[in-house]
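Bear in mind these aren't lab numbers, they're just calculated from the coordinates by the rules spelled out. Please read all numbers here as calculations on a predicted model, not as lab measurements. As a convention, Cβ positions derive from the backbone with ideal geometry for all residues, glycine included, and neighbour counts pool all protein chains shown.
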Amino acid sequence: MALRNIIGKRIGNGIGLVGRRSLSTSTSDVENRNAKSMNLYSAINQALHLALETDPRAFVFGEDVSFGGVFRCTTGLADRFGKARVFNTPLCEQGIVGFGIGLAAMGNRAIAEIQFADYIYPAFDQIVNEAAKFRYRSGNQFNCGGLTIRAPYGAVGHGGHYHSQSPEAFFCHVPGIKVVIPRSPRQAKGLLLSCIRDPNPVVFFEPKWLYRLAVEEVPEHDYMLPLSKAEVIRQGSDITLVGWGAQLSIMEQACIEAEKDGISCELIDLKTLIPWDKETVEASVRKTGRVLISHEAPVTGGFGAEISASIVERCFLRLEAPVARVCGLDTPFPLVFEPFYMPSKNKVLDAIKATVNY
Amino acid sequence: MASWGRRSSAVARRVSAFFTVDKAVQIRIGMRRYPFFNPAVSSALVPRPWPCVINMTSLFLVDRFTSSIAGSQADSRRADDDDNDNNYPAIDFPGGKVTYTTKLRFISGSSGKRIPCYRVLDDNGELLNNFNEVKKELAVKMYSDMVTLQIMDTFFYEAQRQGRISFYTTSSGEEAVNISSAAALSKDDIIMPQYREHGILLWRGFTLQEFANQCFGNKDDVGKGRQMPIHYGSSKHNFVTVSSPIATQLPQAAGVAYSLKMDKKDACVVAFIGDGGTSEGDFHAGLNFAAVMEAPVIFVCRNNGWAISTPISEQFRSDGVAVKGQAYGIPSICVNGTDALAVYSAIHAARNMAVNEQRPVLVETLAYRVGHHSTSDDSTKYRSLDEIEQWKTDRDPVNRFRKWVELNGWWSEREETELRSSVKKQASLMKAIQVAEGRKKPPLTELFTDVYHLPPSNLVEQEKQLRETVNKYPMDFPSDVSL
């Protein structure tokens, strides 16, 4: 697991990153043959091309996907696969997901796009009451496992209340669906292909901040990364950090700085939030005795609470310090106050030090 | 569920609001004064029909608020030559060409005249015109299944009353909607029910034992005992499992139909909804998606006048449900749901349209929910016994159809007796219920399967822990679930 490239700094006031942002990646999970440098939306675009190429029963639909999508993730699909398989839907999230469930129930791979995770709530009933229970309630006579719902989530520097939300915690409370969040282009391609091909309905949140700004070598072939397997992306011995999505690069910066002070940090990318890989996190905490969880979503009731409770249950006597959470504030996602709201590198660093010095 | 107590306290408030003219809440438009809540009303006093004084003839009549500002007929919204000022060319807006008018005229919210309701038989079961779509064999099966449905409903309802099953919904008054729809469709057409369409399953061959198994949630329930009674589902019969949330099946129906369209199948989807369900957002989503995707779905709205205790006047203000179809670009029809032949013929025509033209169709069946909403409801609390009785006797779909079948010489009193009191039927039903009741429930492992395709580690762990608990405290758990 080598540290790769230069990590850009995230600056507030909507200026965005300085330089390109890249992440350390574990190379062991994917062969690097024919890798090409690309950003997150291109990697996702590739995954979608492959999904439609390899399965004639795969469909991509949602608002504005036909021309390429507001984030360019669906570029070229309609031209290549035709309007019958790649099409715009009316502006109606409950319709998009409901339609997707029906399509998936007939054995198709229904890849639905919700334009922003902030707008997923009209579809909440269809996701929770229908998709998540479709197989169970029918005694496995029917299922909508072919459904994948993709949505851009997370802070983008200037998104405010309705273009920055991280709603993953709502969905992590729903047995029957999976929730997956990639941290980088290479991860996104492999994870998205796994989600599409997984026989369960999946909600796939894409960190929109990284669409253009995260650049990585991404293999051009068809590859899949396993779901429900967390990855240790940085080895360490003093403290375990757990996160997902865009927040990981912030946490990694904090880890690098902490190292200068002699603190050895182990960083874990959860990747799949439900069902989540407790074993990997537990093994790490048994090694380090300390754990810190960080996510953009508000701290109260965030998914960090589930991880914290589970780790305390399983590793209580091993813990040297309370489980730390460095998360968003319990406010709607603010505009001018975004830099204050966010779990920044220094907030994470301070929490690392406080936990280690407890 | 609306609570009767809550309603009665609101009565006084609402009645006084409607029948008092309070100057403070009037607004002026020109020379006229209008009640604040409805500026279009030309008369200041317009009593709304109150559910408890509704009588038979007014059941489907909602006050039409005539307006002095809006045009009088919905039909007149189409442009006529007078509107096209100086014959300017139609303007090309995104969405199509539109001609102009200089007349400031609103389309009326309601037409003075309601759209008519299609029927084939009169009240005495006699044909009003020629009709030869239904031959003897089909007619006899239709009639027998309607009777079986009635008997089945009675028995299961009683079983709930006796505490043997927890819940049941009957389809009394809507037997024709169920059976005729099923008869007019092919077995490849996929049914996406709401929860009052079990007659279709009956038609397609779901056995009385299978119905009973689901109601008791025993080990032979194909649904594995996971849901309340009447939440039937059967992939073998192309009947998608019932779910309690209302109208969620409608956008799903558009997706299922789109798949059939891709496969160029000689089949369509038939999605059911009640009058109440048309108020849900998913109704709008479902119809709009089906129209845009050109999906072969027949949306059947069973307008039976009641959504639990909520009558039509408190559900929507349109001319029933059929008119809503046009707003989505969907051809629609209003049909007498108590006329088995009318339902048959309309559904048959709708199917041809859906499959051959690859487009959605909306069929509204008008009937009356003779039974209570469910075994958890006592509808005499919000409607009169007289009203229920009148629909039960005068407009019973089964009796009307029987008359027609008998008039054709295809049925007689002898066959009737045989069918109704046949040892086979009653014993078969009672036996099915007894057998279902006596069977064990599904094994404990089925609590954890099918949440996902394969159980994840957290469920494996939880099953292990639960089994330890069950072993330790067996008295806390029902003994008919095998471990």
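Here are some notes:
- B:I190 long-range amide H proximity, modeled H, under 5 Å: B:C268, B:V269, B:V270
- Computed log10 I(q)/I(0) for the range A:208-253 at 0.20, 0.26, 0.31 Å⁻¹: -0.96, -1.23, -1.23, from the Debye equation with unit scatterers placed on every C-alpha and solvent omitted.
- Legend: ranking of residues A:V97, B:V134 from fewest to most surrounding C-beta atoms inside 10 Å; resulting order B:V134, A:V97.
- Relative contact order for chain A, counting Cα pairs under 8 Å that sit 6 or more residues apart, in percent: 16 percent
- Debye log10 I(q)/I(0) for the range B:303-428, one point scatterer per Cα, at q = 0.12, 0.23 Å⁻¹: -0.67, -1.25
- Sorted peptide list for B:468-477, A:346-355, B:145-154, B:210-219, criterion being average Cβ within 10 angstrom, highest first: B:210-219, B:145-154, A:346-355, B:468-477
- Sequence-ordered 3J(HN,Hα) estimates for the range B:297-302 from the Karplus curve with 6.51, -1.76 and 1.60 and θ = phi - 60° stand at 10, 9, 8, 10, 9, 7 Hz, glycine and proline given as x.
- Computed over the range A:67-132, relative contact order equals 27 percent, with contacts defined as Cα pairs under 8 Å that lie 6+ residues apart.
- Computed over the range B:228-307, relative contact order equals 34 percent, with contacts defined as Cα pairs under 8 Å that lie 6+ residues apart.
- Here chain A is described by how far its Cα atoms reach on the three principal axes: 59, 45, 42 Å, from widest to narrowest.
- Packing, as the average of other Cβ atoms within 10 Å across residues, places the peptides B:439-445, B:89-95 in the order B:439-445, B:89-95, highest first.
- Remark: mean inter-chain Cβ contacts per residue of A:126-137 equal 5, using a 10 Å Cβ-Cβ cutoff to other protein chain atoms.
- From least to most packed, judged by other beta carbons within 10 angstrom and beginning with the fewest, A:Y223, B:Y100 follow the order B:Y100, A:Y223.
- Cysteines having no other Cys beta carbon under 4.7 Å from their own, within chain A: A:C73, A:C92, A:C144, A:C172, A:C195, A:C315, A:C327
- Base-10 log of normalised Debye intensity for the protein assembly as shown (one unit scatterer per alpha-carbon) at q = 0.09, 0.10 Å⁻¹: -1.01, -1.16
- Peptide ranges A:246-256, B:353-363 listed from the most packed, as the mean C-beta count within 10 angstrom indicates: A:246-256, B:353-363
- Counting Cβ atoms of other protein chains within 10 Å of each Cβ in B:114-121 and taking the mean gives 0.
- Amide proton proximity set for A:R325, modelled H, under 5 Å, gap of 5+: A:I293
- Working note: Karplus 6.51/-1.76/1.60 with θ = phi - 60° gives the range A:240-251 the couplings 9, 10, 10, x, 7, x, 5, 4, 4, 5, 5, 5 Hz, where Gly and Pro are set to x.
- Residue exposure proxy: B:V98, B:V435, A:V179, ordered by other Cβ atoms within 10 angstrom of their Cβ from fewest to most, comes out as B:V98, B:V435, A:V179.
- Residues whose placed amide H lies under 5 Å from that of B:I165, excluding near-sequence neighbours: B:Q160
- Per-residue mean of foreign Cβ neighbours for B:226-236 is 3 (Cβ atoms of other chains, 10 Å radius).
- Each residue of the range A:78-90 is assigned a 3J(HN,Hα), and the resulting list reads 5, 5, 7, 10, x, 6, 6, 10, 10, 8, 6, 10, x Hz, derived from the Karplus form 6.51 cos²θ - 1.76 cosθ + 1.60 (θ = phi - 60°), x at Gly and Pro.
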